[in-house]
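Encoded as structure tokens, the structure appears first; notes follow it.
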Amino acid sequence: MRPRPPPHGALSKHHLLRIRRCLPPVWFNAALAQDPSLPPAASSSPAFLSSLIRYCTTKRARRPGEQAHARAVALGLGAHPSVLPGLASFYIALGDLPAAQASVERAAGKARAFPWNLLIWGYADRGLWDDVILAYQKMLALGVAADRFTYPSVLRTCGELRDSAIGRGIEKRILTWRYGLDMYVWNALVGMYAKCGEMKDARRVFDGMPARDVVSWNSMVSGYVSAGMWGEAFDLLQLVPGANIVAWNAVVAGNFKAGNYGEVMRLVSQMRTCGGPGLDFVTVVIGLRACARGGYLRIGKELHAASVRLCFDRLERVESSLITMYSRCQMMRSAYLLFRTCSTQSIVTWNSLLAGFGFMDQVEEAIFVFREMIYSSVFPNDVTVLTMLSLSARFGHLCHGREMHCYIFKHGLGASNILQNSLVDMYSKSGQMATANRVFDQMQCQDRHAYTSLILGYGMQREGHLSLKLFDEMIVNNIKVDHVTMVAVLSACSHSGLVAQGQLRFAQMYDVFCIAPRVEHFSCMVDLYCREGLLSMAEEIVNKMPFQPTAAMLATLIEACRIHGKTEIGDRAAKRLLAMRTNNPGKYVNNLYSLHHGREEFLKKD
């Protein structure tokens, strides 16, 4: 007796076409070989179809798998509990998630949670967070009850989306359906609240857990670190039974990210003690980077010795961090010798050495190393070229900058927006505004950085009207203005003598763009007024700004007073400058002497 056909509309045209053909015999034989318990007469049974679909999944055989799907649908077995999960796994393995979802949804309310869990996992594994939420909501709408395997993926998604609303609903379901004893669900709930930054709720769930494992403790410690709650993170770390190195590394990495390099050194030292968890290569890398940023050469050498003792010194990341540490601590000879003894001179170690020469402002050495890198058949990447362009721009080495530009063009790196921004910056700082403008016009995405470089470049050439035109163009194109852009605009007004425009743009900073003025913005205004001889207004800025004036700011005011003969304002600025006790006051003292025709006359006025 033939099986009853499925209801009208249950089969798509695609599947109807597939049904016209039978499966090749080789696939039946293969499926039987996978499961010898199946007799040949059972070729239409759910068990046989399930075995066949599993075999197609293993071989990533799309056509036979789709034929098996069509046969299952024709036999009315598409929603069978032993067939549907296999179909979902088959399409997920092929990366065809829409087909996987279609096969699961066709089962309507007949499907259990397992196929939906596979679908949700498939979306989550590929980072399709919105689709995870939609699949979960569709699952509930079709009356399929979620289980303890559903919630971890959905809670992880809520954390990635920073949306705790759905997570709170899941917490209520967990308590209602008594899934609270499952450690995976509890840990996912803690991790969700921690990623959303709701540490009070994360701690509430954590404290209410009937049991905790390593993942529970690590989630809480990492959450505190991400939220910048260093005290709470360290206090909790002391409570971790046999605290593992992962939790310690989370706290160390968080302090490094926040710039607390001294605290990083303290934590690494504590990890090395007898009661500490010890060091792994992650700890060594973070510690070396903190030594590089903070200039802790002695501790860096200790970590170098520890890495040799622990056999980490031949790992690429450790070698790169060691080169960076020595170069940042102004030990370029040690960095270079270490590079020469590297197990493999990869692009990472080459870039670290080049960055070290750039940090030490050794342009010619960097160029020599760059050429040696090319001759050694190591292909420079965007980071390499960006380092060289930044170095050329900083010192105005136009010939080297053009050499980098030719290299970018020759090797097809021009599509990188970062490199194009760096080219605009290099040509602008070198005064080659026509070339900078040409590169700017060729950019596919003209962002804030490119505009800022051009504004600053035209300002340095005393073409402030072009800088302001570009600034207005930024606003029209809805490109967000930041404090660096405003420094470039005010500097352009200063170099071009545009007092009224400078005052207007300075006022717009807070009123229009909601940017609080910083010291560098006030410094630009002082420079603008001093260049135009408006010394009373410059002094007013110095006296009323909410920051202490810098030595350079006062020196600018003193020099302007000397030029314009405003001795009274110069006296007051000079006294404030001397009271600051700067490390190098010699270049300012000459201005004071020339202003008062000698030191004695100046002291008489005190």
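The values are calculated or read from the model by the stated rules, or taken from the named source; none is laboratory data. Quick caveat: nothing in here was measured; it's all calculated off a predicted structure. Counting neighbours? That spans all protein chains shown, and the Cβs are built from the backbone with ideal geometry, glycine included.
In region 48-67, the count of residues that are touching a helix residue (DSSP H, G or I) at 6+ places or on another chain (Cβ under 8 Å), closer than 25 Å to ALA145 by Cβ, at pLDDT below 75 and not charged (D, E, K, R) is zero. Can you tell me which residues in region 49-102 are under 44 Å from the mean Cα position of the chain (by Cα), part of a helix (DSSP H, G or I), among the β-branched types (Val, Ile, Thr) and buried (at least 22 other Cβ atoms within 10 Å of the Cβ)? Selection gives ILE53 alone.
Please work out which residue is nearest to the chain's Cα centre (by Cα), limiting yourself to region 393-439 and to residues that are modelled with pLDDT under 85 and assigned to a loop (DSSP other than H, G, I, E, B). Restricting to residues being modelled with pLDDT under 85 and assigned to a loop (DSSP other than H, G, I, E, B), the top hit is SER416. Scanning region 442-451 for residues being within 26 Å of PRO380 (Cβ to Cβ) and not in a loop (DSSP other than H, G, I, E, B) gives a total of 3. Here region 103-131 is the region considered, the condition is being more than 25 Å from ALA61 (Cβ to Cβ), touching a Leu at 6+ places or on another chain (Cβ under 9 Å) and modelled with pLDDT of 85 or more, and the residue that is surrounded by the fewest Cβ atoms within 10 Å (Cβ to Cβ) is ASP130.
Of the candidates ILE166, ILE120, the single residue that is over 30 Å from GLU66 (Cβ atoms) and in a helix (DSSP H, G or I) is ILE166. Scanning region 103-117 for residues that are part of a helix (DSSP H, G or I) and in contact (Cβ under 8 Å) with a residue 24 or more places away in the chain turns up SER103, GLU105, ALA108, GLY109, LYS110, ALA113, PHE114, PRO115, TRP116, ASN117.
Of the helices (runs of 4 or more DSSP H) lying entirely inside region 267-328, those carrying at least 3 residues that are polar (S, T, N, Q) and closer than 23 Å to ASN351 by Cα are 316-328. Region 456-555 holds helices (runs of 4 or more DSSP H) entirely within its bounds, and those carrying 3 or more residues that are at pLDDT 90 or above and in contact with a His (Cβ under 9 Å, 6 or more places away or on another chain) map to 483-496, 499-511, 519-531. Here is a list of conditions, (1) without any contact (Cβ under 8 Å) to a residue 24 or more places away in the chain; (2) not in a helix (DSSP H, G or I), and ALA233 meets all of them except one; can you say which number that is? Only one criterion in (1) without any contact (Cβ under 8 Å) to a residue 24 or more places away in the chain; (2) not in a helix (DSSP H, G or I) is unmet by ALA233, namely (2). When GLY295, GLY287, GLY300 are checked against the criterion of being on the phi > 0 side of the Ramachandran plot and not hydroxyl-bearing (Ser, Thr, Tyr), a single residue qualifies: GLY295. Residues in region 132-148: is at least one free of Cβ contacts under 8 Å to residues at least 12 places away in the same chain and crowded, with 17+ Cβ neighbours inside 10 Å? Scanning region 132-148, I find no residue that is free of Cβ contacts under 8 Å to residues at least 12 places away in the same chain and crowded, with 17+ Cβ neighbours inside 10 Å, so the answer is no.
One residue stands out in region 360-392 among those that are in a helix (DSSP H, G or I) and aromatic (Phe, Trp, Tyr): the one that is nearest to THR324 (Cα to Cα), namely PHE370. Would you pick out the residues in region 408-434 that are surrounded by fewer than 17 Cβ atoms within 10 Å (Cβ to Cβ) and among the hydroxyl-bearing types (Ser, Thr, Tyr)? Within region 408-434, SER416 is the sole residue that qualifies.
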